[in-house]
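Novice: Here it is: the structure, laid out below.
Every number here is computed from the coordinates shown, using simple stated rules; none is lab data. Not measured: the values here are computed from a predicted model. Backbone-built Cβ (ideal geometry, glycine too); neighbour counts: all protein chains shown.
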There are 2 protein chains.
Amino acid sequence: MLAPFQIAYQTYGTLNEDRSNAVLICHALTGDQHVGNPHPVTGKPGWWLPILGPGKIIDTERYFVICSNVVGGCLGSTGPANINPATGKPYGIDLPIITIPDMVRAQAMLVDHLGIDQLFAVIGGSMGGMQVLEWASSYADRVFCAMPIATGARHSSQNIAFHEVGRQAVMADPDWCGGRYIEQGKKPKKGLAVARMAAHITYLSEPALHRKFGRNLQDRDNLTFGFDADFQIESYLRHQGMSFVDRFDANSYLYMTRAMDYFDLAADHGGRLADAFSGTKTRFCVVSFTSDWLFPTEESRNIVHALNAAGASVSFVEIETDRGHDAFLLEEPEFYGAMRGFINAAAKARGLTTI
Amino acid sequence: MLAPFQIAYQTYGTLNEDRSNAVLICHALTGDQHVGNPHPVTGKPGWWLPILGPGKIIDTERYFVICSNVVGGCLGSTGPANINPATGKPYGIDLPIITIPDMVRAQAMLVDHLGIDQLFAVIGGSMGGMQVLEWASSYADRVFCAMPIATGARHSSQNIAFHEVGRQAVMADPDWCGGRYIEQGKKPKKGLAVARMAAHITYLSEPALHRKFGRNLQDRDNLTFGFDADFQIESYLRHQGMSFVDRFDANSYLYMTRAMDYFDLAADHGGRLADAFSGTKTRFCVVSFTSDWLFPTEESRNIVHALNAAGASVSFVEIETDRGHDAFLLEEPEFYGAMRGFINAAAKARGLTTI
């Protein structure tokens, strides 16, 4: 058990009088609560800024938007880098393992704290989508509509495999110090960078890599015949790895990947996914992307079949794109159109709009 | 330039009187010359034993089979672990970068040494397949028939990306010592194990992983809620990583991956792959596997199109299997059937059999 713990969150827009216009956005593995404002470390714009703001798809003039850093994270919510009150030292890997249901329980406490009984919408992609599914399952009455994007009801064997490579890369770094690197004034930068590089490949599709980099050289027409980054894809990946370590805690990365690996919503309901949603009145829109090989459309289809079997109201959109898993973070007009349509229709059904 | 250098090789069967029955087998990234005999380090049976031997597809009663360790390798041919005569110390990363054409040039010198003018067949999968293509291009008259399997005429951006992750994992290990670990009495075991784990995922297909491991636990019905190997896939991968470091040299791994990344047969021929094969009289059989996502069928199709454009005699077989890239090393009846048919027909055309 983890107590006390802290949840860092951002809100955008205003809660209406009957507290019915709240939208909860759940972030992905290495995401955070800064969905609509600049990142405090990198200074980059909010990670879902194209769809969040006044007049946008998630219209902050209409909705009260909440996004919290997950428990176990490293941007303000209690995580392995925080001080363990029992020892006066950072938790490190003494922090209990965090599960997706734990993350959602913590979010529910935040929603209670904000005085909100029912969320109008819960939306998220990837690990955020797992949280959406968990919300819709464990707190069905508190979710009017739900949008799980580019996600699955469980992590596949291949997904676990990639995460395990990343964890082993972190733990192989002597600067990881058995998880106690903060006390030692160190940081397992190289290991975490390798983990990020491997993971990053899984976020992109082969066609997208081919289109973006192909076999292009850093120095045109000149192979160095050595182990420097000759190809643009190499230097791109190295940059992804190195910039990641500045903004993310290595132990948090271990906890987040573990949370995803452990997630298995059907197993939590006697092995039948439909039972996770029985009697649900939530409206669902499930979204997948054709070139996403981390969470292929098949995973979304399994969710849709379970929702159908549970008699839920569900629409399913498969977006044609070659941008891979990361497509959910990118400007994809067809995706945005589906999102806008689903949210507007739900808002009308909820009485949040007269149009 | 690398001189002098040594080539370690195995042969099976007997060279016939007119020296026309020689088959050269080219090994893959971490393969070796021990294709038909037990591995000297691991004691495991020859890696292609199911197809090599008396009465088998590559019939050692009929053919004289040669398999040599590639230059840059670590099983007897000169590689980074060998002593640099100029310094009296192991080459480490002072060894010049080895390319696929270099490997093939060294093999051609071995074939010269054995007094063979034309090889009856050159066969290999993955990096071995790249060597087959290079043989057929640079020594067309010396290859009667060629079988490139599960390979490509160049490494894709995604392939380079995975190799770069592996190299960075090795080089991030402080025991790599800037490549001079042998002199320091060290071995970058952890880094090389992580590299192997990442690569190993790419050799298998998602369906194969799912079928073999799924989300099965090491200790049934018992999650440890920690970072031990809870899932069977985790412990399998860790084992793959750890056993690999006992039989393979880390610097060799850097050289081999680089050789594959650099390979681009079309680029070596003015950008048009067909020009690599112009005027060829070699008979080709190109093989791909449906679930191979490292060298997808598309790559083989590109080779076939180029061979067609060059007016070559080529057959193309796509084998339906869910076992991924590794299928070329596994018992696949349809693949074996195609191989048997192609080799027997070529043997007849070459006058090696009366049947």
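Novice: As a test of the formula, what do you get for chain A when each DSSP H run with n ≥ 4 contributes -39,500 (n - 2.57) and the sum is divided by the residue count, at 222 nm and rounded to the nearest 500 deg cm²/dmol? Walk me through the intermediate numbers first.
Specialist: Values: 9 runs with 123 residues, N = 355.
Value at 222 nm, helices only, nearest 500: -11000 deg cm²/dmol.
Novice: Given charges of +1 on the Cβ of Lys and Arg and -1 on the Cβ of Asp and Glu, with all other atoms neutral, how large is the dipole of segment A:159-258 about its Cα centre, in debye to the nearest 20?
Specialist: I would put it at about 260 debye.
Novice: Report the per residue volume, in Å³, of the convex hull enclosing the C-alpha atoms of segment A:65-105.
Specialist: Values: hull volume 3.1 nm³, N = 41.
Looking at segment A:65-105, the number lands at 76 Å³ per residue.
Novice: Only Lys, Arg, Asp and Glu count, each charged at its Cβ (+1, +1, -1, -1), so figure out the dipole size of chain B about its Cα centre, rounded to 20 debye.
Specialist: 380 debye
Novice: Please state, as a whole number in µm²/s, the translational diffusion coefficient that the Stokes-Einstein equation yields for segment A:167-224 at 25 °C and 0.890 mPa s, with Rh defined as the Kirkwood radius across alpha carbon pairs.
Specialist: On the way: Rh = 13.7 Å.
Here the translational diffusion coefficient equals 179 µm²/s.
Novice: Which translational diffusion coefficient, to the nearest whole µm²/s, is obtained for segment B:220-355 from the Stokes-Einstein equation, given a Kirkwood hydrodynamic radius over C-alpha pairs, 25 °C and 0.890 mPa s? Mind dumping the intermediate values first?
Specialist: Working: Rh = 18.6 Å.
In µm²/s, the coefficient rounds to 132.
Novice: Can you list residues from other chains, or at least 5 along the same chain, whose modelled amide H is less than 5 Å from the amide H of A:Val122?
Specialist: Result for A:Val122 returns A:Leu24, A:Cys145, A:Ala146, A:Met147.
Novice: I want to verify the translational diffusion coefficient of segment B:28-111 in µm²/s; compute it with Stokes-Einstein, Rh as the Kirkwood radius over Cα pairs, at 10 °C and 1.306 mPa s. List each step's numbers first, then the result.
Specialist: Numbers: Rh = 14.4 Å.
Rounded to a whole number, D works out at 110 µm²/s.
Novice: Separate question: Pull out a ≥ b ≥ c, the square roots of the eigenvalues of the alpha-carbon gyration tensor of segment B:113-201, then state rounded if a/c is under 1.5, prolate if not and a/b is larger than b/c, and oblate in the remaining case. Let's see the in-between values first.
Specialist: Details: a/c = 3.54, a/b = 1.97, b/c = 1.80.
Note, shape of segment B:113-201 comes out prolate.
Novice: Still on this model: On a 0 to 90° scale, report how tilted helix B:189-203 is relative to the longest principal axis of chain B, with both axes built from alpha carbons and the result rounded to the nearest 10.
Specialist: For B:189-203 against chain B, the angle is about 50 degrees.
Novice: I need the calculated FRET efficiency for the pair A:Lys89 and B:Ser315, taking r as the beta carbon distance and R₀ as 45 Å, to the nearest 0.05. Please report the intermediate quantities before stating the final value.
Specialist: Details: r = 67 Å, r/R0 = 1.48.
Step by step, r from the Cβ atoms, then E = 0.10.
Novice: May I ask what percent, to the nearest 5, of DSSP beta bridges between residues of the protein assembly as shown are antiparallel?
Specialist: Numbers: 16 of 68 bridges.
The answer is about 25 percent antiparallel.
Novice: If you don't mind, another one. From the square roots a ≥ b ≥ c of the eigenvalues of the alpha-carbon gyration tensor of segment B:3-73, which class results: rounded (a/c under 1.5), prolate (a/b over b/c), or oblate? Spell out each step's value before the answer.
Specialist: Working: a/c = 2.36, a/b = 1.24, b/c = 1.90.
Judged from the Cα gyration tensor, segment B:3-73 comes out oblate (a/c at least 1.5, b/c at or above a/b).
Novice: Find the Cα radius of gyration of chain A, compare it with 2.2 N^0.38 Å by division, and give the number to two decimals.
Specialist: Numbers: Rg = 20.4 Å, N = 355, 2.2 N^0.38 = 20.5 Å.
Working it through for chain A, the quotient is 1.00.
Novice: Calculate how many DSSP beta bridges within segment A:1-73 are antiparallel, expressed in % of all such bridges and rounded to the nearest 5. Present the calculation step by step, with values, prior to reporting the outcome.
Specialist: Numbers: 4 of 10 bridges.
Expressed as a percentage, antiparallel bridges in segment A:1-73 total about 40.
Novice: Could you tell me the ratio Rg/Rh of segment B:57-186? Both radii from Cα atoms, Rh via Kirkwood. Show your work: numbers first, answer last.
Specialist: Values: Rg = 17.4 Å, Rh = 16.8 Å.
Here the Rg-to-Rh quotient is 1.03.
Novice: For segment B:159-258, go through all pairs of different Cα atoms, get the mean of 1/r, take its inverse, and jot down that Kirkwood value in Å. Don't skip to the end; give the middle numbers.
Specialist: On the way: mean 1/r = 0.0684 Å⁻¹.
Result for segment B:159-258, one decimal place: 14.6 Å.
Novice: Ok, one more. Report ³J(HN,Hα) in whole Hz for each residue of segment A:182-187, in order, from the Karplus equation J = 6.51 cos²θ - 1.76 cosθ + 1.60 where θ = phi - 60°; Gly and Pro get x.
Specialist: Ordered by residue, 3J(HN,Hα) equals 5, 4, 8, x, 10, 8 Hz.
Novice: With both partners inside chain B, how many of the DSSP beta bridges are antiparallel, as a percent to the nearest 5? Kindly include the intermediate steps, with their values, before the conclusion.
Specialist: Numbers: 8 of 34 bridges.
Just about 25 percent of them are antiparallel.
Novice: Oh, and also: If each label sits 7 angstrom from Cα along the C-beta direction, how far apart, in nm, is B:Pro4 from its counterparts in the other copies?
Specialist: 7.8
Novice: Also, I was wondering about something else. Take chain B, mark every one of the GluC sites (Glu not before Pro) that falls in a DSSP loop and has at most 15 other Cβ within 10 Å, then report the longest stretch left between them, sites excluded. Mind showing how you got there, number by number?
Specialist: Values: sites that count: B:Glu17, B:Glu61, B:Glu183, B:Glu320, B:Glu331.
Within chain B, the longest run free of exposed GluC sites (Glu not before Pro) spans B:184-319.
Novice: I've got another one for you. Give, to the nearest whole percent, the P(r) tail of the protein assembly as shown beyond 45 angstrom, counting all Cα pairs. All intermediate terms of the calculation are to be shown ahead of the outcome.
Specialist: Working: 71313 of 251695 pairs.
Counting every Cα pair in the protein assembly as shown, those more than 45 Å apart make up 28 percent.
Novice: Can you compute the FRET efficiency between B:Glu298 and B:Arg19 using 1/(1 + (r/R0)^6), with r the Cβ-Cβ distance and R0 = 35 Å? Round to the nearest 0.05.
Specialist: 0.40
Novice: For segment A:257-320, what does the alpha-carbon gyration tensor say about shape, rounded, prolate or oblate, given a ≥ b ≥ c as the root eigenvalues, a/c under 1.5 as rounded, and a/b over b/c as prolate? Spell out each step's value before the answer.
Specialist: Values: a/c = 2.31, a/b = 1.12, b/c = 2.07.
Note, shape of segment A:257-320 comes out oblate.
Novice: Using 0.36 nm times the number of residues separating B:Arg211 and B:Val41, minus their current alpha carbon distance, what extension gain do you get?
Specialist: Working: separation 170, 0.36 × 170 = 61.20 nm, distance 3.04 nm.
Gain in length upon complete extension: 58.2 nm.
Novice: Right, here's the next one. With +1 on each Lys and Arg Cβ and -1 on each Asp and Glu Cβ, and nothing else charged, work out how big the dipole of the protein assembly as shown is about its Cα centre, in Debye to the nearest 20.
Specialist: Working: 60 positive and 74 negative charges, 89 e Å.
Rounded to the nearest 20 debye, it is 420 debye.
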